[in-house]
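Taking it in order: structure first as structure tokens, then the write-up.
Bear in mind that the values in this text are calculations on the coordinates, not laboratory data. All values derive from a computational prediction rather than experimental measurement. Please note: Cβ atoms are built from the backbone with ideal geometry, for glycine as well, and neighbour counts cover all protein chains shown.
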């Protein structure tokens, strides 16, 4: 298993997060936080990677992530998260 370095995501984690975000739309962060709080993230197809993210950057790190959905990226005019990218402070 690949560990998450401080403020960085592995390529697999970034891909899993993007898939989750695309499936859940603009409220994906809220949905993921709720799943983490209720221990229900195990039901997601990317469950192992989502759990690694939770254990690595935690809920506060999730809130600092840039937009991930294709719609959000287009609206903001910039690409979203990339593997190995540092989170904003």
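Give me a count of the residues in segment 45-71 that are over 15 Å from residue 8 (Cβ atoms) and in a loop (DSSP other than H, G, I, E, B).
5
With the requirement that a residue be surrounded by fewer than 11 Cβ atoms within 10 Å (Cβ to Cβ) and outside any helix (DSSP H, G or I), what does segment 17-44 give you?
39
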